[in-house]
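Laboratory data are not the source of any read-out in this text; all were calculated from the coordinates shown. Owing to the predicted nature of the structure, the values given are computational and were not obtained by experimental measurement. Positions of Cβ are generated from backbone atoms using ideal geometry, with glycine treated the same way; all protein chains shown enter the neighbour counts.
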Amino acid sequence: MRELRFLASARWIGFAVFVVALSAVCIQLGIWQFHKLEDRQVRNDLVRQHLAEEPVPLDDVVPAGDDVAADQEWTVVSATGTFDVDAQVTVKFVSRDGRPGVDVLTPLRLEDGTALLVDRGFVETLRTNTAPEDVPEPPSGTVEVTGWLRVDSTAGGQATFVNEGQVRAISSRGIAETVPYELRRGYLNLQSPTVDGVEAEPRPDLGQGPHFFYGLQWWFFAALAIVGYGWFARAERQERRKVAAREARAADATDREVTPAR
């Protein structure tokens, strides 16, 4: 135990405190990632349940004036109305499968005078800051649409407000300021009917994501910090042993030199 007395020095006590704190933070980050994994699994189960159900009328899920709740997202709903092409905007800087383009947002005027914001899908375009002019138009007249109900984006700043016919994130609240009628909360990822040149939103990714491996990674870092502390302590102990052995040999040699021969 005498060889480990150096661990009680201020330098090594500080090192130990740092290692404990670092390991605790890494362990908590790992736990956080596993909690995120659990949340994602719960969400995926709910999304699978919604996608497997038959379409239900929009008003049965979210009446006018109500927000779309998190557990209502991806519900398959139907609505009947007419598309207001004059109020159409696009979401810029969108990409799909590596292709640049825009998403097309067109309000659907409903029979009660309100409107539902419909994301009609993706149109491949050049990556520019200008709204495209050749977007395929939606079906004319009264049409019944079905699709996935989505919550508004929580993006801040001016991302959800219309600027020269474009937005950077989809939110009914931002677009509501540009139309003369009440816009329902949330929006619809249109699945039918579709038109040529506009690609409907693909099914959501229901994978587990990287959370499991991120959790393991953080726990590995915690273990690495503890093992590293032990490795450095062992290295210093060995160095101290070498120094002590050299000093002992030097002292022995000195004793032999000063001791007269008999």
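So how tilted is helix 10-51 from the main axis of the chain? Cα-based, degrees 0 to 90, rounded to 10.
Roughly 20 degrees, rounded to the nearest 10.
How big is region 1-59 by Rg and Dmax over its Cα atoms, in Å?
When restricted to the Cα atoms of region 1-59, Rg and Dmax are 24.7, 79 Å.
Please report the relative contact order for region 123-195, taking Cα pairs under 8 Å with a sequence separation of at least 6, and give it as a percent rounded to a whole number.
That works out to 38 percent.
Modelling each spin label as a point 7 Å along the Cα-to-Cβ direction, I'd like the A250/S95 distance in nm, to one decimal.
Distance between the two pseudo-spin positions: 6.3 nm.
Explain nothing, just the number: relative contact order of the chain, from Cα pairs under 8 Å at least 6 residues apart, as a whole percent.
RCO, the chain: 23 percent.
Compute the helix-to-body angle for 211-258: its Cα long axis versus the longest principal axis of the chain, expressed 0 to 90° and rounded to tens.
10
What is the distance in Å between the Cα centroid of region 103-151 and that of region 215-251?
Region 103-151 and region 215-251 have Cα centres spaced 65 Å from each other.
To the nearest 20 Debye, how big is the dipole of the chain about its Cα centre, given +1 on the beta carbon of each Lys and Arg and -1 on that of each Asp and Glu?
Dipole magnitude for the chain comes out near 3140 debye.
Over all directions, how big on average is the projection of the convex hull of the alpha-carbon atoms in region 75-192, in square nanometres?
Reported value for the Cα convex hull: 7.1 nm².
Can you give the extra length, in nm with one decimal, that the chain gains between L46 and I226 once fully stretched, where that is 0.36 nm per residue apart less the Cα-Cα distance?
60.8 nm
Separation between the R234 and V56 pseudo-spin-labels, each 7 Å from Cα along Cα→Cβ, expressed in nm?
6.1
For region 75-192, what does the relative contact order come out to in percent, with C-alpha contacts under 8 Å and a separation of six or more?
Across region 75-192, relative contact order equals 32 percent.
By DSSP, what percent of the beta bridges with both residues in the chain are antiparallel, rounded to the nearest 5?
Percentage antiparallel, nearest 5: 80.
Taking every pair of Cα atoms in the chain, average 1/r, invert it to obtain the Kirkwood radius, and report Rg/Rh to two decimals.
Taking Rg over the Kirkwood Rh, I get 1.38.
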